[in-house]
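The next block holds one structure in the form of structure tokens; read it before the comments.
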Amino acid sequence: MRLRLVPQETNFDFFRFRNATFGASIVAVIASLVLWLTVGLNFGIDFLGGTTIRTESAAAVDVGAYRAALEPLALGDVVISEVFDPTFAPDQNVAQIRVQAQDGAEAVTSDTVASIEAALQGVDPSITFPSVESVGPKVSGELVTTALVALGAAIAAMLVYIWLRFEWQFAVGAVAALVHDVILTIGIFSLLQIRFDLATIAALLTVLGYSINDTVVIFDRLRENLIKFKKTPLIEVMNRSVNETLARTLMTSGTTLLALIALLVLGGDVIRGFVFAIFWGVIVGTYSSVYVAKNVVLMLGVDRDPKSPDAGTQFADVDA
Amino acid sequence: MLQIEGWKRVLITLVCLAGILLAVPNLFYDRVERFNDAEAAIEAGVTTPEDAADAGLWPGFLPSGLVNLGLDLRGGAHLLAEVNLADVYAARVDAYWPEVRDALRGVRAEAGTIRRQESAGDALVVRISQPEGMAAAVEAVRGLAQPIQTLSGVGSTDIEVSGAGDLLTLTLSDAERARVDEQTMQQSLEVIRRRVDEAGTREPTIQRQGADRILVQVPGIGSAQELKDLIGSTARLTFHEVIGSTGDPEARVSADQLLVPVADPSRQGELRILERTPVVTGDDLTDAQSAFDQNGRPAVTFRFNPAGARLFGAFTSANVGQPFAVVLDGEVVTDPVINEPITGGSGQITGNFTVEEANVLGITLRAGALPAELTFLEERTIGPELGQDSIDAGQVAALVAMGAVVVFMVLSYGLFGAFATVALGLNVALIFGLLSLIGGTLTLPGIAGIVLTIGMAVDANVLVFERIREELRTAKGPARAIELGYEKALSAIVDANVTTFIIAVILFALGSGPVRGFAITLGVGILTSAFTAIFVTRLLVVMWFERRRPKTIEV
């Protein structure tokens, strides 16, 4: 007896509610943009500059006392948060302290770190500092640029690759789906105020990879079916392609999500934000492959006249 | 129909075996690491009994390459330093002064008397008493310019000379600056490497980044501050003739003299007026060691090279009864009175050091002075426990993820799922094998990358299996269905993997540190998962099929 996530033959009408789903995507994208602009992202020191100190102590974390101890140092914006994690030992009390970049300091000042550590040791002599990270404002500015360039380059590379392997309508559809995924991830990070740092950008790029993977598999089937069913209307061929690949889509997202859940629960708090971004991205990416990428292709239409110079794909038969 | 040639089978099996063999050392990480250290020590010719014992820990005929653990897993310090390249220009320009003086003396008839002016930064400014002779003066100084070879510039010279009114200005040309910058960077890298090596830490990473930055990563060091103490000071040591002392920091001294504060906190506010040109410098040292003086205070002993010893001997012989000053990074460390000529070429500096400071000073003097100051732009310290916690958490997560995926696959595809599971295990072994082979670095996001790969690696198998199911429905017989399944799924597998691989390449090119580590594991994972899905699973399926010859198959 086999486990089947979907019946052998499915014939869901994926495009029945296409206006509603596409509309929902647009609303979600706009909502994310609004959240991004109003609430804003909780940038980590990679992008803002400043110092984060992770503290660990056998005694319970007293955020108020920490704050009071740091008050006299006049460090500007200080964020203190206690960290909880199922992997911690019972007497492991962890907190994360973030201090903004100090005014006028182009580089990292170790005096600041030393004074913070001394102040905290005054509150709790058993406190240790498993990690201390400082990024100067000069570097953080460059990191922002690099991150944006990386995202842009990845999306541009996908556009070109899909264009070469399929058709331009497919490329536009795929890239629309990618942009959708990225913006929705930024939206949820704004909403939940999860720390957004360099690792999050890596996660976003991974999501791009996963999402495009998913999109390409369905496109691949669509390309095959377009040749097989020359007279069938596009919408039906598309629906058929999505149905035929449905089992695979669910299996793959299933196994990937299983692995990610394991990492999310057991992987420790240090990479939780990173894993969450990928987790969310896999869900959104799976959705967008069908409801954004395909919808866009459907709207743009596909040139199926074999005599047209644009039809067909000159690189489609390369190696595969 | 359903065939794989014999040589392909052999090749696939060999690749898998090689992967496993290369991955095995990572299972015995501590042991192999000690073995490697011992081997390195034996090769270097320094052997201790422990090394000899450690060398027996691992059979020498097995591969001993390990996956490097990133700082976030092993703990250690990370520093990004910017070299203040402009520092060097002033010293370079300064070095022209004797030549410029001589050249201008040669045209004394036209230019008159000369006087060097205090000037900011990297220009040498000379006032001449007869401005109408400026053209001749400029001409004379231009004669000192040396042509320099550059790839682009034809006929560029190392200095630029201009005259305005009665002031003659000499600056470095752009081409010369570029050359000096390059030299400064190379020298800084070399000095930092020597200092870090002297401190005896293992596997430090010292890399140049961009035009003026140096990345230093040292695993196992307690904090970034320790590392900064070691590489942060320029350690420019000079010995000067003392001209006088003062308590006024605003005191005016002539252009060939220096006003330097005294380092000793008990003599705060005191300054010494020194001859600008040092008698000898740290460049003339051959050795420096931390030691204790006759009163048991920490000190640093040093030894000059023959040229330095001669200069210092001549100076001390001529100045018995006079003080001289030892200046380290712009502060007078000590200014003893010369009791007798020091001709032996060795000496001792007793400042107000702690044992720790004397140690670091010994190392930095031995390794040489940094040509320019460093500014630290980024520093990260990760404690070793935090790294170990991350490794443990990552291991648990990977095992759970693997278990869940295996159960899911076997439940869904039965025997074929089991084949995919075998391939998945091989995939993880191949990832580690390949990472060990290329000396890749595993970081925390890298572990996440592997776990993610475990989830995604089955994708290619799923694509094939689903396709075989479909082909079975159109009833072509099992052999044909399997063959078609692989054939038709291939284009989707290729496209899916190429796109993800492009992302990995972009991450690698633009990322740094942990992100780059993630890109490597992601990229390697794509290669190995494509290999295992397309070749290994297929080989397993074909071998099973040949043995059983089933009439029907259930996927």
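Of A:Ala154, A:Ala119, which residue is within 23 Å of the chain's Cα centre (by Cα) and at pLDDT 85 or above? Give the derivation first.
Values: A:Ala119 fails: within 23 Å of the chain's Cα centre (by Cα).
Exactly one of A:Ala154, A:Ala119 is within 23 Å of the chain's Cα centre (by Cα) and at pLDDT 85 or above, namely A:Ala154.
Among the residues of segment A:220-266, write down those that are in contact (Cβ under 8 Å) with a residue 60 or more places away in the chain and within 9 Å of chain B (Cβ to nearest Cβ).
Once the filter is applied, which keeps residues that are in contact (Cβ under 8 Å) with a residue 60 or more places away in the chain and within 9 Å of chain B (Cβ to nearest Cβ), segment A:220-266 yields A:Arg223, A:Ala247, A:Met251, A:Gly254, A:Val265, A:Leu266.
Picking from B:Ile338, B:Ile382, B:Ile391, which residue would you name as being in contact with a helix residue (DSSP H, G or I) (Cβ under 8 Å, 6 or more places away or on another chain) and more than 14 Å from chain A (Cβ to nearest Cβ)?
After ruling out the rest, the residue left standing is B:Ile338.
Just the residues that are at pLDDT 85 or above, assigned to a loop (DSSP other than H, G, I, E, B) and of a type in the set (A, V, I, L, M), please, taken from segment B:75-106.
B:Leu85
Which residues, counting only those in segment B:56-95, are without any contact (Cβ under 8 Å) to a residue 24 or more places away in the chain and touching a Ser or Thr at 6+ places or on another chain (Cβ under 9 Å)?
None; the set is empty.
Only one residue in B:Thr499, B:Thr528 is under 32 Å from the mean Cα position of the chain (by Cα) and farther than 18 Å from A:Leu204 by Cα. Which one?
Details: B:Thr499 fails: farther than 18 Å from A:Leu204 by Cα.
The conditions single out B:Thr528.
Between a first residue in segment B:457-475 that is within 17 Å of B:Ala533 (Cβ to Cβ) and in contact (Cβ under 8 Å) with a residue 24 or more places away in the chain and a second residue that is of a type outside the set (Gly, Ala, Ser) and assigned to a loop (DSSP other than H, G, I, E, B), which pairs have beta carbons less than 6 Å apart while being 6 or more apart in sequence or on different chains?
B:Phe465/B:Val555; B:Ile468/B:Val555; B:Arg469/B:Val555
Would you please list the contacts, defined by Cβ atoms under 8 Å and residues six or more apart or on different chains, that run from a residue in segment B:476-496 that is surrounded by fewer than 19 Cβ atoms within 10 Å (Cβ to Cβ) to a residue that is part of a helix (DSSP H, G or I)?
Between residues of segment B:476-496 that are surrounded by fewer than 19 Cβ atoms within 10 Å (Cβ to Cβ) and residues that are part of a helix (DSSP H, G or I), the close pairs are B:Lys476/B:Leu484; B:Ala479/B:Phe545; B:Arg480/B:Glu471; B:Leu484/B:Arg467; B:Leu484/B:Ile468; B:Leu484/B:Glu471; B:Leu490/B:Ile534.
In segment A:69-86, which residue that is acidic (Asp, Glu) and closer than 25 Å to A:Val270 by Cα is surrounded by the most Cβ atoms within 10 Å (Cβ to Cβ)?
Initially, segment A:69-86 is screened for residues acidic (Asp, Glu), giving A:71, A:77, A:82, A:85.
From what is left, the residues that are closer than 25 Å to A:Val270 by Cα are A:77, A:82, A:85.
Details: A:Asp77: 10, A:Glu82: 14, A:Asp85: 16.
The selected residue is A:Asp85.
When you go through A:Leu120, A:Leu143 one by one, which is the residue that is in contact with a strand residue (DSSP E or B) (Cβ under 7 Å, 6 or more places away or on another chain), part of a helix (DSSP H, G or I) and crowded, with 20+ Cβ neighbours inside 10 Å?
Details: A:Leu143 fails: in contact with a strand residue (DSSP E or B) (Cβ under 7 Å, 6 or more places away or on another chain).
It is A:Leu120.
If I filter segment A:113-171 down to residues being at the interface with chain B (Cβ under 10 Å from one of its Cβ atoms), touching a residue at least 40 places away in the same chain (Cβ under 8 Å) and among the small types (Gly, Ala, Ser), which single residue comes out as nearest to B:Ala492 (Cα to Cα)?
Within segment A:113-171, the match that is nearest to B:Ala492 (Cα to Cα) is A:Ala154.
Of these, A:Phe47, A:Phe22, A:Phe88, which one is under 30 Å from the mean Cα position of the chain (by Cα) and either away from chain B (no Cβ under 14 Å) or not hydrophobic (A, V, I, L, M, F, W, C) (or both)?
A:Phe22
Check every one of the strands (runs of 3 or more DSSP E) wholly within segment B:240-327 and list those with 2 or more residues that are within 35 Å of the chain's Cα centre (by Cα), under 24 Å from B:Ala120 (Cβ atoms) and touching a residue at least 24 places away in the same chain (Cβ under 8 Å). Please lay out each step first, then the result.
Details: elements: B:257-261, B:271-275, B:285-292, B:298-304.
Fully inside segment B:240-327 and qualifying: B:257-261.
Of everything in segment A:273-285, what is out of contact with any strand residue (DSSP E or B) (no Cβ under 7 Å at 6 or more places or on another chain) and surrounded by fewer than 22 Cβ atoms within 10 Å (Cβ to Cβ)? Give them in sequence order. Steps first, answer last, please.
Looking only at segment A:273-285, we keep the residues that are out of contact with any strand residue (DSSP E or B) (no Cβ under 7 Å at 6 or more places or on another chain), and these are A:274-285.
Answer for segment A:273-285, where residues must be out of contact with any strand residue (DSSP E or B) (no Cβ under 7 Å at 6 or more places or on another chain) and surrounded by fewer than 22 Cβ atoms within 10 Å (Cβ to Cβ): A:Phe276, A:Phe279, A:Trp280, A:Ile283.
Yes/no matrix, rows are residues, columns are (1) on the phi > 0 side of the Ramachandran plot; (2) modelled with pLDDT under 80; (3) surrounded by 15 or more Cβ atoms within 10 Å (Cβ to Cβ); (4) not assigned by TED's automatic domain parsing to the domain that holds B:Ala299:
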| site | (1), (2), (3), (4) |
| --- | --- |
| B:Val326 | no, no, yes, no |
| B:Asp329 | yes, no, yes, no |
| B:Asp335 | no, no, yes, no |
| B:Pro341 | no, no, yes, no |
| B:Gly344 | no, no, no, no |
| B:Gln348 | no, no, yes, no |
| B:Thr354 | no, no, no, no |
| B:Asn359 | no, no, yes, no |
| B:Ala367 | no, yes, yes, no |
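Starting from segment A:183-208, take each residue that is within 10 Å of chain B (Cβ to nearest Cβ) and surrounded by fewer than 24 Cβ atoms within 10 Å (Cβ to Cβ) and list its partners that are among the hydroxyl-bearing types (Ser, Thr, Tyr) and not in a helix (DSSP H, G or I), counting only C-beta distances under 9 angstrom and pairs at least six apart or across chains.
none
For A:Ser211, which of the numbered conditions (1) in a helix (DSSP H, G or I); (2) over 23 Å from A:Arg272 (Cβ atoms); (3) polar (S, T, N, Q) fails to hold?
Going through (1) in a helix (DSSP H, G or I); (2) over 23 Å from A:Arg272 (Cβ atoms); (3) polar (S, T, N, Q) one by one, A:Ser211 breaks only (2).
Being of a type outside the set (S, T, N, Q) and at pLDDT 80 or above is the filter here, so list the residues in segment B:27-37 that pass it. Give the steps one after another, and end with the answer.
From segment B:27-37, those of a type outside the set (S, T, N, Q) are B:27-35, B:37; that's our starting set.
Answer for segment B:27-37, where residues must be of a type outside the set (S, T, N, Q) and at pLDDT 80 or above: B:Leu27, B:Phe28, B:Tyr29, B:Asp30, B:Arg31, B:Val32, B:Glu33, B:Arg34, B:Phe35.
Being within 9 Å of chain A (Cβ to nearest Cβ) and surrounded by fewer than 19 Cβ atoms within 10 Å (Cβ to Cβ) is the filter here; which residues of segment B:499-511 pass it?
B:Phe501, B:Val505, B:Ala509, listed by residue number.
Looking at this structure, is B:Ala401 at pLDDT 85 or above and assigned by TED's automatic domain parsing to the domain that holds B:Leu522? Full working, then the answer.
Numbers: at pLDDT 85 or above: yes; assigned by TED's automatic domain parsing to the domain that holds B:Leu522: yes.
Answer is yes for this residue.
For segment A:243-269, name all the residues that are buried (at least 24 other Cβ atoms within 10 Å of the Cβ), closer than 17 Å to B:Ile450 by Cα and among the β-branched types (Val, Ile, Thr).
Within segment A:243-269, A:Thr252, A:Thr255, A:Thr256 meet the criteria.
Based on this model, can you work out whether B:Ala533 counts as within 14 Å of chain A (Cβ to nearest Cβ), under 18 Å from A:Ala203 (Cα atoms) and not hydroxyl-bearing (Ser, Thr, Tyr)? Spell out the reasoning first.
On the way: within 14 Å of chain A (Cβ to nearest Cβ): yes; under 18 Å from A:Ala203 (Cα atoms): no; not hydroxyl-bearing (Ser, Thr, Tyr): yes.
So B:Ala533 does not fit the description; no.
Per-residue answers, yes or no, for (1) at pLDDT below 90; (2) within 30 Å of the chain's Cα centre (by Cα):
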{"position": "B:Ile4", "(1), (2)": "yes, no"}
{"position": "B:Lys8", "(1), (2)": "yes, no"}
{"position": "B:Leu14", "(1), (2)": "no, no"}
{"position": "B:Ala18", "(1), (2)": "no, no"}
{"position": "B:Pro25", "(1), (2)": "yes, yes"}
{"position": "B:Ala40", "(1), (2)": "yes, yes"}
{"position": "B:Pro49", "(1), (2)": "yes, no"}
{"position": "B:Ala55", "(1), (2)": "yes, yes"}
{"position": "B:Pro63", "(1), (2)": "yes, yes"}
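Answer yes or no: is there a residue in segment B:463-480 that is under 30 Å from B:Leu62 (Cβ atoms) and away from chain A (no Cβ under 11 Å). Full working, then the answer.
Step one: filter segment B:463-480 for residues under 30 Å from B:Leu62 (Cβ atoms), giving none.
For segment B:463-480, residues under 30 Å from B:Leu62 (Cβ atoms) and away from chain A (no Cβ under 11 Å): absent.
Kindly list the number of the only condition in (1) surrounded by 12 or more Cβ atoms within 10 Å (Cβ to Cβ); (2) modelled with pLDDT of 85 or more that fails for B:Asp72.
(2)
Kindly indicate the residue of segment B:182-235 that is assigned to a loop (DSSP other than H, G, I, E, B) and of a type in the set (S, T, N, Q) and also surrounded by the most Cβ atoms within 10 Å (Cβ to Cβ) among those meeting that condition. It would help to see each step written out before you state the result.
Going residue by residue through segment B:182-235, those that are assigned to a loop (DSSP other than H, G, I, E, B) are B:199-204, B:210-212, B:220-223, B:233-235.
Adding the requirement that they be of a type in the set (S, T, N, Q) leaves B:201, B:223, B:233-234.
Numbers: B:Thr201: 17, B:Ser223: 19, B:Ser233: 18, B:Thr234: 21.
My answer is B:Thr234.
The values are calculated or read from the model by the stated rules, or taken from the named source; none is laboratory data. Please read these numbers as outputs of a predicted model, since none were measured by experiment. Quick reminder, even Gly has a Cβ in these numbers, built from the backbone with ideal geometry, and neighbours come from all protein chains shown.
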